[in-house]
Amino acid sequence: MTVMERKEATAESAKPDSKKPGTNEAAGPSADQTVFAILAALSFSHFLNDMMQSLLPAIYPMLKTNYALSFTQVGFLTLTFQGTASLFQPVVGIVTDKRPQPYALFCGMGFTLVGLLLLSNASHYGVLIVAASLVGMGSAIFHPDASRVARMASGGRLGLAQSLFQVGGNFGSAIGPLLAAFIVLPFGQSSLAWFSLAALTAMAVLWNVGGWYKRNHLAVAKRAKSYGAPPALPHARVVATLIILGMLVFSKYIYLASLSSYYTFYLIHKFGVSVQTSQILLFVFLGAVAAGTVIGGPLGDRFGRKYVIWVSILGVLPFTLVLPHMGLVGTAILTVPIGLILASAFPAIIVYAQELLPSRVGMVAGIFFGFAFGMGGVGAAGLGIIADAKGIDFVYAMCSYLPAIGLLTVFLPNIEGPRKRLLKTA
C-alpha cells in the first residue's frame, strides 16, 4: 500500500459510522436541539405538577380551621399523599424499565387532575384523604418515568439534566404557597378547581413528550447506556451504598418536612405573623430550595457527586442548629442558605445511585423519589404527633440535629473516575 493509499484509508476509518449507536444523525446538532426541548418540556411539566401538589400543604392552615383538624390529622393527610407516591413510584420504575410506556406521564397527570378537582369540592376529612391519595398517585407515575426520559435526553451531562428536570418541580413547589396565599385563601377551597387548567396544559405538553419518547426511545436508550458504566463493586457493597444514600435522603426529607408542612404554623405561633406573611416566607425558603437544585447537578458533573453530597447535607448543620434560636428576621434569612445547601444534594444522590445500577435507572429513580416522598410523609405524620404532644418549638429544636446524619457520606465509595474518563471521551 502506498503512502497516499494509507492516508486515504486512515481518513476513511476516522469517519463516523452512521450505523453505530451514538454516531448517526440523532447525535448531530438537530438532536441537541431536540434534547434541550425535551428537558425544557419535562422541567415545565414538573413545575406545573409540583405547583399543584404544593397547594395541599400550603392550604393546611385553612383546612385545619375549616374541618377542625388536629396536627395529627394534618400529618396523616401528608402521609396519605406522600405515602401513596412512595409505595407506587418504585413499582412504576420497575415496570417501565422492563416495558417502556411512552404515554405514562400523560396518564399520571390525569390522576393529579382528578385529585385536584376532588380536593376543591371535598365536604369532609375522608374526601380530603381520597383526593390526597389521587394526587400522590399522579406523582408516583410522573417522577420515575420523567427522570428516566431526562437521563435519556441528557447527552451525557447527567447532573445537569437531573437539575433541569428537578428545578422545575422546586420552583413549582415554591410558587404553590404564593398561589394559595393570593388565590385560594381569598376565594376559598373551591378555587382549587381553577388550577385544573394547569393540569390540562401539562397533559398537552406530556403528550408531545410521549410522542418523542415513542419515536426515539430505542435509539436514545442505547446511547444513554454509555453515559454510565457500573462500578466494579461487589453486590453487597452496592447494597450498602444504596442504604447509606437512603439514610442521607432520610435526613434531608425529614428536615424538609418540618419546614414545608409546619413552617407556617411555627411562624404564626412563635412570631404572630399573618397566614399570608407565613406563606410568603415559606415561598422564600422554597425558592432557595429551587436554586439549590439548579446548582447541585452541574457541580456534581464538574467536581464529583460524593463531594457535593458531603458538603450539601453536612454543610447545612450549623445553620439548622442556630435556626430555632433566631428572631423572625434571622429565621427568614437562615432558611435561604438552609434551602440552598440542603437541596443541592438530591440531583447528585439520584445520579450517583443510577451510576451504581445504570441498567435500572427507572427503578432507582422510583425508589429514591418514592423514598423521599415516603420519608416526607412519615416525617410529617410523626412530627405532627410530636407537635401536638410537645409543641411546635420542640419539633424545630429536635430536627436541627438531623443533618448530622450526613457524616455517613464518608462511607460512600469513590466511583467518579470511570465517569469522568467517559465524559472526556464522549
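Quick notes on this one:
- Between residue 114 and residue 127, the contour length at 0.36 nm per residue exceeds the alpha carbon distance by 3.4 nm.
- Exposure of residue 310 as accessible area (Å², to 10), given a probe of 1.4 Å and all protein chains: 90
- Pair residue 233, residue 94: separation of 7 Å Cα→Cβ label points (nm): 2.1
- If the Kirkwood radius is taken over C-alpha pairs of the chain, then at 10 °C and 1.306 mPa s the Stokes-Einstein diffusion coefficient equals 72 µm²/s.
- Distance (nanometres) between label positions extended 7 Å along Cα→Cβ at residue 321 and residue 87: 4.0
- Acute angle (nearest 10 degrees) that the helix 104-120 long axis makes with the longest principal axis of the chain, alpha-carbon atoms: 10
- Per-residue 3J(HN,Hα) values for segment 288-293, derived from phi via the Karplus relation 6.51 cos²θ - 1.76 cosθ + 1.60 with θ = phi - 60°, read 5, 4, 4, 5, x, 5 Hz in sequence order (x marks Gly and Pro).
- Cα pair distances of segment 227-340 binned at 10 Å [whole percent]: 12, 38, 28, 15, 6, 1
- If the segment from residue 68 to residue 191 were pulled out straight at 0.36 nm per residue, it would be longer than the present Cα-Cα gap by 42.3 nm.
- Label reach from residue 394 (point 7 Å along Cα→C-beta): in segment 37-64, no amide nitrogen lies under 14 Å.
- Pairs from the table (64/390; 214/252; 64/270; 306/390) lying more than 29 angstrom apart at Cα are 214/252; 306/390.
- Shown are 393, 145, whose ranking by accessible area with a 1.4 Å probe and every protein chain present, most to least, is 393, 145.
- Solvent-accessible ranking of 217, 143, 124, largest area first, probe 1.4 Å: 124, 217, 143
- Rg/Rg_ref, segment 343-403, where Rg_ref = 2.2 N^0.38 Å and atoms are Cα: 1.47
- Taking all pairs of distinct alpha-carbon atoms in segment 235-277, Kirkwood radius in angstrom: 12.5
- Ellipticity estimate at 222 nm from DSSP helix runs (n ≥ 4, -39,500 (n - 2.57)) divided over the chain, nearest 500: -26500 deg cm²/dmol
The values are calculated or read from the model by the stated rules, or taken from the named source; none is laboratory data. In this text the structure is predicted, and so the values were computed from the model without any measurement. Every residue, glycine among them, receives a Cβ derived from its backbone with ideal geometry; neighbour counts consider all protein chains shown. Surface areas here come from the heavy atoms of the whole protein model, side chains and all, with no ligands, DNA or RNA. Shrake-Rupley method; radii C 1.70, N 1.55, O 1.52, S 1.80 Å.
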